[in-house]
Structures are given as C-alpha cells and as structure tokens.
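Colleague: My structure is below; once you've seen it, I'll send some questions.
Every number in this text was worked out from the coordinates using simple rules, so none of it is lab data. Bear in mind the structure is a predicted one, so any value in this text is a computation, not a measurement. So basically every Cβ, Gly included, is an ideal-geometry build from the backbone, and we count neighbours across all protein chains shown.
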Amino acid sequence: MTRVIQTSHSLEGKTIVLGITGSIAAVRCVELARQLMRHGANVHAVMTKEAQKIIHPEAMKYATGNCVVTEITGAVEHVEFCGIGGIAPLLLIAPCTANTIGKIAHGIDDTTVTTFATTAFGSGIPIMIVPAMHESMYNHPIVIENIGKLTELGVEFINPILEEGAAKIASTDEIVLRVERALYKKTLAGKRIIITGGATDEVIDPIRIITNRASGKTGVELTLEAFRRGADVTLVHRGCMGIQGICEFNVESARDMTETVIEELGKGYDLLISAAAISDFTVTPSKEKIKSEKQVNIALKPAPKLIKEARRKYPDLKIIGFKAETGISEDELIKRARSSMETLSLSMVVANDVSSGGMGTEDNEVYLIDSSIKRVAGTKREIAFEIMDKVEAFI
C-alpha cells in the first residue's frame, strides 16, 4: 500500500531543536526531521558524542539543511537557541536514553544535549522527551523516578512502544502530532469534544455482518485536528489509533456507539461531532452460522438514532451532524441538510453527495452549512481543518 505523505503549515515559522542521544533509535531521526519540516518547521540537530557513533552528523545536516551542533563552541549555541529570548520554542530530545534522562533530572551538564536542556530549563522553554532503551532499563525504579521528577517539572514525555523486550521510540507520526499540539494555536484548549467516526457493524451471525464503505478517516482527522488545537478529545469508532492523550472507545454496532456516546456525554462535553456512518438498520442475529445452500431472508429493523437520543437527553449540547446523500442536486442536498439542522437543532451540518466519492477515499468534497454555506474540497485533513475553524466560532 502506498503511504500518503501528509503535509501542512501547522509548524510554519517554528524552530525546533532536535536533541539526539546514543540510542540505536537515532537512525529514525532523519525521517523525524524531514516529517517535521514537511509541516513547516526549521529543524536544528544537536548530537551527543554517543549519538554520532550511530548516525553521522552529515546525515542530519543533509536531512535538515542546517549545520549540526556536535560541541558547544564560543558561539554559545545553547544560548542562541534555548537561552532567554532564544529562537527555539521547543527542545525535542528524541531518542533519549536512560543516561540522559538521569543527567537532566539531576542537573548534570556534560554533553551537548544536556547543556541545551539545562539552558532550556533556565529559560522556561518547553522540553519534550521521547525515551528509547531496553525495556529492563525503562522499568528501572530510578529511571521511573527520574521520569516522574521531570514530569513534575513540566517536561512532556512521549511514551515508548513496549515490545520485543525494548522500549522503542514512539512513532514518527505521534511525535509530530505531539509537537504540533505543543506549538500550534491553542484555540480549543479547555474544550471537551466527542467525535464518532467510521462504519458500524450489525451482526447477522457469528461470522457475517452488515456494514458500509465508510473508512473512518474523517473522524480520525477531526480528532487529530481538535487535539492539535488543544482540545480534550474522545473518539468513538471501530478501531484504535493508540495515541497518548486521546481517549478512544472501540465499538461495533449502532447500539454500542449510541450507548457509549450517551454515557460519555454525561461526563460533560462542549460538542458532539457525529461523523460516523452509523447503520440505519440492524438485525436480530442468529446464534449459529446461517447455512449458505439456500436463499435467506433477513428482516431489517431501525437502529438507534444517536443524534436524536443525544438531543433528547442533552437539549443544550452543541452538535455537528453529517449528511450523506446520493444522486441529488446541490440545491436538494443543501435543502435536506438544512432540514436536518432545524429539526435536530444542530450547530452545523457537513453535507456531501457520495455518488462520486468520499466514502473510503483520501479526498472529499463537502458543504459546511450553518448560517452560511461553504464548499470545501481537498484531503480529509484539509476538510477537518476547515470544520475546526468553524467550531472555534461557536464552541
């Protein structure tokens, strides 16, 4: 499968210092630097002597287009970037070894990276640490204590992936997302948003289901965009992103999704975005596999309506609905969307005709309908960006 490389301007104009220490995960830093740059960042690498044994400084110079700091010179590079009034709003240490975590926690300053960390601490510049080491080292009580101490001091940690006896560096996508959240506009900070996404599955028998073509990409992109802007986000879908800081519920049927969302809304949310393609019909499942030798008639019955139930139980809740139609005119699409908006007291409806695409695709064309009408065409990330701009105006 071809990977779609996402680019944006979310880090435009931001200078990020990338501290690299002596973990084998340092080989991932070329990819990490390039991905940060694709989002507009200007990346400057700082390497310890141990890191230089794993990846050559010239590789990082090639990746970033900037000279690599391998030693502190009379140019006082640490002050230029991370001193008071320095040009870098973030020090990202990735990968970070147990040794470097311990040194930073105890104020030991004997490598280029620890010198930058000491300076950043003294200047109030945020520090983000991405650990990578053997799992046995990560489980050491003193390492755990050091991580806790630094967390209390305001350092943000991105948890490693624990597998094969190693605490492996987090995925590049998650690191970039967390950097975006740290440096992006905080327009939704303090807001709680719950989002549904993707298809639901209605069980016919222990093997078969009824579902639809929705991929869930729109719900995921909406979740990521809200997270970037500082919101406290919950995603209810059939899947698992597994991103630290995003609450997820994995559900299967329309009833599962409706009950989960209604229960979660009781905890207090500012907005529900119902982007899921929830099944309109469900069935009474057979306890055993239905034999395939003969014709089978399946009785469909209406599935629970999430938005109707949410509106009934939470009359003041702000809700964004989605309206998918096929083979109708633009005027009729907008008319039906406005009817739904009025009937259910929605803050906005995202409407589209899926006859020619949109379900299961990377791109889409939609209409954002509130007091005005805005047509948006592009990737689902771009569409999520436009929707969240609208959200900022009324949440």
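Colleague: If the only charges are +1 at each Lys and Arg Cβ and -1 at each Asp and Glu Cβ, what is the size of the charge dipole of the chain around the Cα centre, to the nearest 20 debye?
Modeller: Details: 45 positive and 50 negative charges, 138 e Å.
Using Cβ point charges on Lys, Arg, Asp and Glu, the chain gives about 660 debye.
Colleague: Next question. Once the convex hull of the alpha carbons of the chain is built, what does its volume come to per residue, in cubic angstrom?
Modeller: Dividing the Cα hull volume of the chain by its residues yields 181 Å³.
Colleague: What do you get when you divide the Cα radius of gyration of the range 151-201 by 2.2 N^0.38 Å, with N the number of residues?
Modeller: 1.57
Colleague: Also, quick follow-up: By per-residue mean of other Cβ atoms within 10 Å, what is the highest-first order of 275-288, 121-134?
Modeller: 121-134, 275-288
Colleague: I want to verify the translational diffusion coefficient of the range 140-282 in µm²/s; compute it with Stokes-Einstein, Rh as the Kirkwood radius over Cα pairs, at 25 °C and 0.890 mPa s.
Modeller: Numbers: Rh = 17.0 Å.
D, rounded to a whole number, is 144 µm²/s.
Colleague: What is the ratio of the Cα radius of gyration of the range 245-326 to 2.2 N^0.38 Å, with N the residue count, to two decimals?
Modeller: Normalised Rg, Cα atoms only: 1.38.
Colleague: Only Lys, Arg, Asp and Glu count, each charged at its Cβ (+1, +1, -1, -1), so figure out the dipole size of the range 15-183 about its Cα centre, rounded to 20 debye.
Modeller: Charge dipole, the range 15-183, about its Cα centre: 220 debye, nearest 20.
Colleague: Please give the peptides 248-255, 336-343 ranked by average Cβ packing (other Cβ atoms within 10 Å per residue), highest first, as a rough proxy for protection.
Modeller: Ranking, from highest mean packing down: 248-255, 336-343.
Colleague: Along its three principal axes, how long is the range 163-243 when you only count alpha carbons? Whole Å, largest extent first please.
Modeller: Each principal axis gives a Cα extent; for the range 163-243 these are 48, 38, 18 Å.
Colleague: Also, I was wondering about something else. Filter the cross-link list K267/K308; K186/K308; K287/K318; K335/K380 down to pairs whose alpha-carbon distance in this structure exceeds 28 Å.
Modeller: K186/K308; K287/K318
Colleague: Would you calculate a helix-derived [θ] at 222 nm for the chain, using -39,500 (n - 2.57) for each DSSP H run of n ≥ 4 and dividing by the full residue count, to the nearest 500?
Modeller: Taken over the chain, the calculation gives -10000 deg cm²/dmol.
Colleague: Give the span of the range 15-183's Cα atoms along each principal axis, as three whole-Å numbers ordered largest to smallest.
Modeller: The Cα atoms of the range 15-183 stretch 38, 32, 30 Å along their principal axes.
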